[in-house]
Amino acid sequence: MNGARFAPPPAAVIDADVAAALAEDIGPGDATASLLDDAADSAYLLCKEDCVVAGRPWFDACHRALDPGVRIDWRCQEGDRIGKGTVVATLQGRNRALVSAERASLNFLQTLSGTATVTAQYVDAVQGTGARILDTRKTIPGLRLAQKYAVRVGGGVNHRIGLYDAVMLKENHIRAAGSLAGAVARARALHPALPLIVEVETLAQLREALEAGCTRILIDDFDADTRREAVRIARAAPFDGRIPLEVSGGVDMTTLRGIAEDGVDCISIGGLTKHVHAIDFSLKLGPPP
């Protein structure tokens with residue numbers, strides 16, 4: 001993968017993430033780092049398990065916040081798949097700053113690489129089916145843009161970022177509006193420019209949503225037979241596959257491929273950002289072995 005493909009959040013967002021992390025970790029000062037002579041030193045970044053690398057902008061920002069003159073030489077690109085035991089970067093800077101930035105920088109790198117790695121596993125599993133892997137809003141508080149960036153690095157697609165950039169009609173919204181068609185009409189009237197996603201629970205609701213028109217339809221917790229029938233209906237005349245179908249719920253590695261082969265367009269998985277397996281990285285002073 002080419003790191004240039006992945007546009008990170010604005011620098012101000014990354015800087016704010018980093019400032020919060022460093023304030024949380026260092027507080028009024030790193031008591032242990034104060035024992036060092038603050039001399040020039042080197043360090044290397046070691047990856048201890050296979051992964052997809054994500055989070056370089058946050059790692060770099062952590063170190064540059066404490067030592068603007070630090071030199072960081074990466075040996076891989078964002079989005080690269082690397083193996084256990086790989087030295088992924090070397091650093092040259094002040095030793096106090098290197099050790100003080102260590103934990104915050106690694107926290108970002110291990111978390112975002114974990115998100116990118118699991119996303120890539122899901123993307124690999126649906127190769128050839130045409131299905132896209134989507135994330136959800138089930139993110140670590142305060143790190144939504146960072147984690148959604150990591151999903152893109154792993155080959156996934158971002159669902160809505162928050163409650164403000166799309167209308168998503170679920171059971172409670174439809175009930176409160178009185179009907180699915182009524183909820184769709186009101187959404188179109190109030191937010192005509194926003195994407196409109198409608199969750200349906202039955203094939204009858206699916207037909208109603210297709211007839212009402214929307215950006216995407218979420219078929220939540222359909223069994224396999226009903227899901228395949230939903231795909232057939234959505235692709236047949238008069239709808240002709242114009243509105244994509246998304247599956248959410250009951251998705252894991254044991255069910256993923258079958259769901260994708262049923263012909264759905266999108267599969268959203270909260271576990272990409274919710275069930276984080278942090279990748280094991282370490283930062284060690286001195287030259288690499």
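Would you mention how many residues in region 244-263 are part of a loop (DSSP other than H, G, I, E, B) and touching a helix residue (DSSP H, G or I) at 6+ places or on another chain (Cβ under 6 Å)?
Summing the residues that are part of a loop (DSSP other than H, G, I, E, B) and touching a helix residue (DSSP H, G or I) at 6+ places or on another chain (Cβ under 6 Å) in region 244-263 gives 2.
From (1) within 29 Å of the chain's Cα centre (by Cα); (2) at pLDDT 95 or above; (3) within 30 Å of Ala43 (Cβ to Cβ), pick out the condition that doesn't hold for Val231.
(3)
Do we have any residue at all in region 45-60 that's basic (Lys, Arg) and free of Cβ contacts under 8 Å to residues at least 40 places away in the same chain?
So far as region 45-60 goes, no, none of its residues is basic (Lys, Arg) and free of Cβ contacts under 8 Å to residues at least 40 places away in the same chain.
Scan region 124-144 for residues that are crowded, with 18+ Cβ neighbours inside 10 Å and within 16 Å of His277 (Cβ to Cβ) and jot them down.
Asp135, Thr139, Leu143
So, Ala20, is that one part of a strand (DSSP E or B), more than 15 Å from Tyr149 (Cβ to Cβ) and over 17 Å from the mean Cα position of the chain (by Cα) or not?
No, not satisfied.
Are any residues in region 181-214 in contact with a His (Cβ under 9 Å, 6 or more places away or on another chain) and small (Gly, Ala, Ser), and if so, which ones?
Once the filter is applied, which keeps residues that are in contact with a His (Cβ under 9 Å, 6 or more places away or on another chain) and small (Gly, Ala, Ser), region 181-214 yields Ala183, Ala187.
Out of everything in region 146-173 that is in contact with an Asp or Glu (Cβ under 8 Å, 6 or more places away or on another chain) and surrounded by fewer than 18 Cβ atoms within 10 Å (Cβ to Cβ), what residue ends up being farthest from Leu190 (Cα to Cα)?
Of everything passing the filter in region 146-173, Val157 is farthest from Leu190 (Cα to Cα).
Restricting to region 25-39, name every residue that is surrounded by 11 or more Cβ atoms within 10 Å (Cβ to Cβ) and either in contact (Cβ under 8 Å) with a residue 60 or more places away in the chain or outside any loop (DSSP other than H, G, I, E, B) (or both).
If the condition is that a residue be surrounded by 11 or more Cβ atoms within 10 Å (Cβ to Cβ) and either in contact (Cβ under 8 Å) with a residue 60 or more places away in the chain or outside any loop (DSSP other than H, G, I, E, B) (or both), then Asp25, Ile26, Asp30, Ala33, Leu36 are the ones that fit.
Which residue pairs have Cβ atoms under 8 Å apart, sit 6 or more places apart or on different chains, and have a first residue in region 235-261 that is outside the structural domain of Cys214 (by TED's automatic domain parsing) and more than 19 Å from Thr202 (Cα to Cα) and a second that is loosely packed, with under 11 Cβ neighbours inside 10 Å and hydroxyl-bearing (Ser, Thr, Tyr)?
none
So, in region 58-77, of the ones that are assigned to a loop (DSSP other than H, G, I, E, B) and in contact with a strand residue (DSSP E or B) (Cβ under 9 Å, 6 or more places away or on another chain), which residue ends up nearest to Val123 (Cα to Cα)?
Among those residues, the one meeting the criterion is Cys76.
Please go through region 204-227 and give me each residue that is part of a helix (DSSP H, G or I) and either loosely packed, with under 15 Cβ neighbours inside 10 Å or in contact (Cβ under 8 Å) with a residue 60 or more places away in the chain (or both), ordered by number.
Initially, region 204-227 is screened for residues part of a helix (DSSP H, G or I), giving 204-212, 224-227.
Passing the criteria: Ala204, Glu211, Ala224, Asp225, Thr226.
The values are calculated or read from the model by the stated rules, or taken from the named source; none is laboratory data. Small disclaimer: the values here were computed from a predicted structure and weren't measured. All Cβ positions, even for glycine, are placed from backbone atoms using ideal geometry, and neighbour counts span all protein chains on display.
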